[in-house]
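Have a look at the structure below, then the notes.
The values are calculated or read from the model by the stated rules, or taken from the named source; none is laboratory data. Keep in mind that what you see is a predicted model, and the values were worked out from it rather than measured. Don't worry about glycine lacking a Cβ; one is built from the backbone with ideal geometry, like all the others, and counts go over all protein chains shown. Areas reflect the complete protein model, heavy atoms only, side chains present, ligands, DNA and RNA absent. Shrake-Rupley method; radii C 1.70, N 1.55, O 1.52, S 1.80 Å.
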Amino acid sequence: MEHMTTSASSENDILEGLDDAQRRAATSLHGPVRIVAGAGAGKTRTVTRRIAYGCATGEWEPSGALAVTFSVKAAAEMRARLAGLGVEGVRAATFHSAALRQLRRAWNDICDAPFPQVIDDVRPIVQAALRRATAQHDHDELTVRDSLAELNWAKVSLIAPEDYPRVCAALHRTPPASFDPTRFADIYLNYEREKTDRGGMDFNDILLVTCHVIDDYEDVARDIRRSIRWLTVDEYQDVSPLQHRLLTRWLGDNRNVAVVGDAAQTIYSFAGASSYDLLAFADQFGPLAADVSLNTDYRSTPQIVGYANKVLASSPQRADYLRLVSARENGPRVSHTVYDTDAQEARGVAGRIARMIASGAHAKDFAVLTRVNAQQTAICSALRQCGLRLRQRRDAGWDVHADELSLLADATQTEASIAEGAVTVSTIHASKGLEFAHVFIIGCSEGLLPYGSPSDADALEEERRLMYVGVTRAEEDLHMSYAKTRDGTGRPRVPSRFLR
């Protein structure tokens, strides 16, 4: 959190404490700007100072500035930081919330029908689509989940139902649940029909319909673009083709756009994200007014930063990634521990955390990171046996365990207070954007990390970036481990290639 007066800050106050690269980014107010920000490099600090500086100098009108983030939490943090800098009136929102607001405002002027209901949980619609397309009434939860993920991928990738089989052939993509591409295209079509019949739309439709409205209604497009004169897009390496399309519709001919991202932290390719737009930003929007790299890591020790650089060093895409430099003093070496079984690994890690907490460390400063949700069962059990509270973060979000609900008798207790005395157990995907003093990454063996030991080059590179994200969550010390076997039987595991 920025600690500055809540009244309008002076220009010099706003720039105070920024390093040279951050200052250059913060003072580049017009034209296309790309900020490549490595892990721990002060990305949010730089972006909020840039917005505040634009407003303080009078170059920007706060009401014409929009900052787009990828989560509600990140948008709230950005608003709080801007308020701390004395800036009011700037909008910070997710793609979806910004687009939904625009749609609601324009709807009565362009359509006589009621505004569609935004459906939070579309799984019943996926179930209905599966029944209509397959004439089978019972589909297990895994089939529904995987089908929904594929539907989301197709929509954010701007692939229509009739084009799906052709795209599968071109990309050698296999539909979920053993469906052939033609059958899944039918499921996709029935999903859209079922949703329309219910008068609803899913989250992807919010962006798709907004794009169509801007394309088809000139007056609406003009009003929306007039309200977005300075656009900032965070986590630009994670934009999907659909989000990129909306971004270009928002801008029109305007080139006052700043994008912030890090190609080395692209870990959502399976969901349609791609670092292509970040890397090709100059080709799409150039010439650039500024192209700034922030590679000084203020979060992690030199030992952790060196390890992170080592993870990326053998990548065939190394030229696309920043090499980090730590601004911290030396810390402990990154530790490697080999256990005989998964249960021993869980007990060993939990015991080590318990001893550190007994010596004065705070539980909230610890995180155990896993590649997949299933790895969390053993470590959570071991932590509880050590008498430690915990909170889980699966790929689907935070999960306060049922046996801890009794501790939450006060319904007003916030997530922050819940976290205060709890160790975090999280998948690496779900840990992105977080940081902890002490990080344990477990299951660092081939088959788990990288998951499945992928032979496909792109899939392997995604796993490499995932390891990089996990490593760079650590501030003070980092502990890597794996178990030789699951339960003492079977073929011995080998250490992850990312440990070598």
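Data table
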read-out	value
Rounded percent of accessible protein surface that carbon and sulfur make up, the range 120-201, 1.4 Å probe	47 percent
Under-5 Å amide H pairs with Ala258, H placed in peptide plane, nonlocal only	Val33, Leu231, Thr232, Val233
Long-range amide H partners of Thr337 with built H, under 5 Å	Met480, Ser481, Tyr482
Tensor-based shape of the chain (alpha-carbon gyration tensor, a/c under 1.5 rounded, otherwise prolate or oblate)	oblate
Per residue accessible area in Å² of the chain, where ligands, DNA and RNA are left out and the probe is 1.4 Å	45 Å²
HN-Hα J in Hz across the range 264-278 - Karplus 6.51, -1.76, 1.60, θ = phi - 60°, x for Gly and Pro	6, 10, 7, 10, 10, 4, 4, 9, x, 6, 8, 7, 4, 5, 5
Protection-proxy order for peptides 78-86, 255-263, each taking the mean of Cβ atoms within 10 Å per residue, highest first	255-263, 78-86
For peptides 154-167, 435-448, 21-34, sequence by mean Cβ density within 10 Å, most packed first	435-448, 21-34, 154-167
Segment Arg222-Asp487, length gained on full extension (0.36 nm per residue, minus Cα span)	89.1 nm
Within the accessible area of the range 6-112 (1.4 Å probe), percent carbon and sulfur	46 percent
For peptides 142-153, 464-475, sequence by mean Cβ density within 10 Å, most packed first	464-475, 142-153
